[in-house]
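Read-outs: derived from the displayed coordinates by stated rules, not from any lab. As the structure is a computational prediction, the values presented were derived from the model and not from experiment. Using ideal geometry, Cβ is built from the backbone for each residue, glycine included, and neighbour counts are taken over all protein chains shown.
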Protein chains: 2
Amino acid sequence: MPLLSPSRRLRRTPFSDGVEAAGVKAYTVYNHMLLPTVFRSVEEDYHHLKAAVQVWDVACERQVEIRGPDAGRLVQMLTPRDLRGMLPGQCYYVPIVDETGGMLNDPVAVKLAEDRWWISIADSDLLYWVKGLAYGYRLDVLVDEPDISPLAVQGPKAEDLMARVFGDAVRRIRFFRFGHFDFQGRDMVVARSGYSKQGGFEIYVNGTDMGMPLWNALMEAGRDLDVHAGCPNLIERIESGLLSYGNDMTDDNTPHECWLGRFCNTQSAIGCIGRDALLRVAKEGPLQQIRPISIDGAKVGVCDRYWPVTTRQGEQVGRISSAAWSPDFDTNVAIGMVRITHWDAGTELVVQTPQGRRDARVHSAFWN
Amino acid sequence: MPLLSPSRRLRRTPFSDGVEAAGVKAYTVYNHMLLPTVFRSVEEDYHHLKAAVQVWDVACERQVEIRGPDAGRLVQMLTPRDLRGMLPGQCYYVPIVDETGGMLNDPVAVKLAEDRWWISIADSDLLYWVKGLAYGYRLDVLVDEPDISPLAVQGPKAEDLMARVFGDAVRRIRFFRFGHFDFQGRDMVVARSGYSKQGGFEIYVNGTDMGMPLWNALMEAGRDLDVHAGCPNLIERIESGLLSYGNDMTDDNTPHECWLGRFCNTQSAIGCIGRDALLRVAKEGPLQQIRPISIDGAKVGVCDRYWPVTTRQGEQVGRISSAAWSPDFDTNVAIGMVRITHWDAGTELVVQTPQGRRDARVHSAFWN
């Protein structure tokens, strides 16, 4: 693994001191910020995540805050998901598209009030797109990046740990809903959400100064629950089919190609900037689409570039964008984009990995 | 130094194979792309850059291409620099500001034709701001990221090396001008520019497939010139006062705070979005400003967060955002933002470094 040169530009987070004390082994960079990737090892972290509870520094999920009378209109401009039925207190996963229908980000929208939203972003400066639109349309909104840093608590024991710190009321938060909770006198939004399928919460930590006090409180309260510092886990997220913007999709892809059609209501999403571009693909479907793919043989290496997916005869029909060895499913699990002619479950394909040609198979569903 | 987890999201470049073969020791991430930071050591790379010639993979300086009848209007909307006198064939360093006058990027604008520009960006997704404005204003332009990857050739022997590969005509390119040159049948823009003050060129490599052929041709042609793979050098860029977006400035700062007032013509930059916000600061000056600062004592550590700058009495009057030990000037050189009350050359200050309090001094000019 190469070394990463630290600099101010790769921003530390309110939790970085805790992350370092916990022995972080590697980082990635996400929204110009440090995101831990490994603590003990990717596989040890994976087993622990599925068995216990972890605290994740995901401050890099920066917020785009949109306030003002036109806030709702602006958020609907961003996405083909129909937001009319969305209530304050709800979180929606919203594909964000440009005027061509290309994905610009795949964040979670947090509706704080009719006139106040947070967009909890994946790795691109969505702030710039939102500010550009707000300015160009002369909308009556304020758009900025507030001092809010998400901290995730994930794993089967997450609820127990959270209840110890925030009280039993957290147990009543439903999936993709949030509530307001007090921590040391500061109001914090706590949502039942997170970038794993092991259950858990995301705390929108309100103020850099509250980062380490909350980190320490969670670590202290969870000692007998075997709480550990953790991070989004490559293996678990692939098993669970959690896509990664920049890895599995770019602005070349429509939401439908990304298998995110279920989050689109293109017909009724009046005002969505990409609506015209997406109407046809929403009706007729895309020509290529994300698929779960298993890759035979021993553990594959790091997928740091697209791996070509071909037929047995060598015709390219897709690409792999994420891959990892899954101990629980005893195979290499992968996320690929595959052409319509070869995307049916059970289709036998070949992947050109750094370890050579490997047989591979399209699955009907992700593993978790 | 921490480890960096590779992934597709941290894009490789057309030159990555060459960079790896040359023994790159560390990277940073810049515009979602790998940017080498060290080959032999930062200090060895520094001495070599000043004595010989280096080839730099700066593909991460992605291009925002703007084409169409409204291209010129759109570029002027982005910047308080007056572009009316700019001719095709010129490059301008252009501060980019939002409606509050806050810096969004500090790229080089390359005017290819009246209706075609490249904006060669620093580390932020300026594409999103430009696309948002173009869409909001219904401008008659196409905006995208083309397959163009800059490769820099920097150092005192850069011109000799470039002449061997592109012919003697490169010697006639003036500073911040460019010409079109052929390499293996492909047209390439070659500018006399680059992120060092050692002289040199940037080749806007046209097509990923041309990356390694050109890299290899330069390495081959420069053997007796002691050509090496290199990269923007932390020490040299601080000595030279070359600012780094995200390190030395953010969207909180105006160009005037960044000592970039000489690149602003706020009065005459009609159409610039931040013009109203900047008129007063352009006339009256800012309340804090970037300054060259020397820090006494032994070599300081890595500046990965702001270091407070105080008076001897402990009052905070600024911050350091970049710092390094300079072998040639036998002191720690640094870039700081200092309040008007304490920014005069010769002012004695104190910097809180990770190695403790250090005496420091404001300088009138950068070192190179």
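When the alpha carbon coordinates of the range A:237-289 are projected onto the principal axes, the ranges are 33, 21, 18 Å, largest first.
Taken over the range A:193-255, the alpha-carbon convex hull comes to 128 cubic angstrom per residue.
Result for chain B in a Gaussian network model with C-alpha springs under 10 Å: among B:R262, B:R339, B:R11, the largest mean-square fluctuation is at B:R262. Each Cα pair of chain B feeds into the Kirkwood radius, which the Stokes-Einstein equation turns, at 10 °C and 1.306 mPa s, into a diffusion coefficient of 75 µm²/s. Relative intensity of the range A:91-131 on a log10 scale, I(q)/I(0) at q = 0.18, 0.33 Å⁻¹, equals -0.50, -1.18, per a Debye sum over C-alpha point scatterers of equal strength in the absence of solvent.
Please average, across the residues of A:20-30, the number of beta carbons from any other chain that are within 10 Å of each residue's own beta carbon, and give a whole number. Before the final figure, lay out the partial values.
Details: counts 1, 0, 0, 0, 2, 3, 5, 5, 7, 9, 4.
The shielding value for this peptide is 3.
Cross-link partners of A:K283 among aspartates and glutamates, defined as those whose alpha carbon lies under 20 angstrom from its own and excluding same-chain residues fewer than eight positions apart: A:D82, A:D98, A:E99, A:D252, A:E257, A:D344.
Taking the range A:213-231 and a reference point 7 angstrom along Cα→Cβ of A:A163, the backbone N atoms nearer than 20 Å belong to A:217-228.
A label point on B:E20, set 7 Å along the Cα-to-Cβ line, lies at 3.1 nm from each of its counterparts in the other copies, closest listed first.
Over chain B, calculate the relative contact order: mean separation of alpha carbon pairs under 8 Å at least 6 apart, over the residue count, as a percent. Walk me through the intermediate numbers first.
Details: 870 pairs, mean separation 64.9, N = 368.
Once divided by the residue count of chain B, the mean separation gives 18 percent.
Between A:R73 and B:D330, what is the FRET efficiency for a Förster distance of 51 Å, r being their Cβ-Cβ separation, to the nearest 0.05? Working from the Cβ atoms, E equals 0.30.
Here the residues B:M210, B:M219, A:M162, ranked from fewest to most Cβ neighbours within 10 Å of their Cβ, fall in the order B:M219, B:M210, A:M162.
First measure r as the distance between the Cβ atoms of A:L225 and A:Q90, then evaluate 1/(1 + (r/R0)^6) with R0 = 25 Å and state the FRET efficiency to the nearest 0.05.
Details: r = 29 Å, r/R0 = 1.15.
Between A:L225 and A:Q90 the formula returns 0.30.
Volume of the convex hull of the range B:1-73 (Cα atoms only), normalised per residue: 148 Å³. What the Cα atoms of the range A:63-144 give is an Rg and a Dmax of 11.3, 31 Å. Legend: Rg and Dmax of the range B:287-368, from Cα coordinates, 11.2, 33 Å.
By other beta-carbon atoms within 10 Å, ranking A:K157, A:K197 with the fewest at the front produces A:K197, A:K157. Dipole magnitude for the range A:63-144: about 220 debye, using +1 per Lys or Arg Cβ and -1 per Asp or Glu Cβ, origin at the Cα centre. For the listed residue pairs A:K25/A:K299; A:K131/A:K197; A:K25/B:K50; B:K111/B:K197, the alpha carbons are over 24 angstrom apart in A:K131/A:K197; A:K25/B:K50. Take chain B, connect every pair of alpha-carbon atoms lying under 10 Å apart with a spring to form a Gaussian network, then pick out the residue of B:G200, B:G89, B:G155 with the largest mean-square fluctuation. The residue that fluctuates most here is B:G89. Here the sum of -39500 (n - 2.57) over DSSP H runs of 4 or more residues, divided by the residues of chain A, equals -5500 deg cm²/dmol at 222 nm, to the nearest 500. Over the range A:63-144, Cα pairs under 8 Å with separation of 6+ residues give a relative contact order of 39 percent. Working from the Cα coordinates of the protein assembly as shown, the gyration tensor eigenvalues give, after taking √(5λ), semi-axes of 39, 32, 28 Å in decreasing order.
Out of the DSSP beta bridges found with both residues in the protein assembly as shown, what percent are antiparallel (nearest 5)? Taking every DSSP beta bridge within the protein assembly as shown, about 90 percent pair in antiparallel fashion. Between B:G230 and B:V55, B:W56, B:D57, the built amide H atoms are under 5 Å apart, and every one of these is 5 or more places off in sequence or on another chain. The H on the amide N of A:Y27, modeled in the peptide plane, is under 5 Å from the matching H of A:T37, B:L3, B:L4, B:S5, each at least 5 residues off or on a different chain.
For A:G85, the label point sits 7 Å beyond Cα toward Cβ; its separations from the matching points on the remaining copies run 6.2 nm, from shortest to longest. In this assembly of identical copies, the label point of B:Q316 (Cα plus 7 Å along Cα-to-Cβ) is separated from its counterparts by 5.1 nm, sorted shortest first.
Karplus-based coupling profile of the range A:252-261, in residue order and whole Hz: 6, 9, 7, x, 5, 4, 8, 6, 10, x, with θ = phi - 60° in 6.51 cos²θ - 1.76 cosθ + 1.60 and x standing for Gly or Pro.
So, with +1 on the Cβ of K and R and -1 on the Cβ of D and E, and no other charges, what is the size of the charge dipole of the protein assembly as shown about its Cα centre, to the nearest 20 debye?
Details: 80 positive and 94 negative charges, 101 e Å.
The dipole magnitude comes to about 480 debye.
A simple charge model with +1 on the Cβ of Lys and Arg, -1 on the Cβ of Asp and Glu and nothing else charged puts the dipole of chain A at about 420 debye relative to its Cα centre.
Phi angles across the range B:45-50 convert, under the Karplus curve 6.51 cos²θ - 1.76 cosθ + 1.60 with θ = phi - 60°, into 3J(HN,Hα) values of 4, 5, 5, 5, 4, 7 Hz, Gly and Pro given as x.
Once the gyration tensor of the Cα atoms in the range A:180-339 is diagonalised, the equivalent ellipsoid follows with semi-axes of 36, 25, 11 Å, ordered largest first.
To the nearest µm²/s, what D does Stokes-Einstein give for the range B:96-223 at 4 °C and 1.567 mPa s, using the Kirkwood radius over alpha carbon pairs as Rh? Walk me through the numbers on the way to the answer.
Values: Rh = 16.1 Å.
The diffusion coefficient I find is 80 µm²/s.
Over the range A:117-164, what lengths in whole Å, largest first, do the semi-axes of the equivalent ellipsoid take, defined as the square roots of 5 times the eigenvalues of the alpha-carbon gyration tensor?
Numbers: eigenvalues 227, 26, 12 Å².
Values for the range A:117-164, descending: 34, 11, 8 Å.
Among A:W117, B:W129, B:W325, a tally of other beta-carbon atoms within 10 Å of each Cβ gives an order, fewest to most, of B:W325, A:W117, B:W129.
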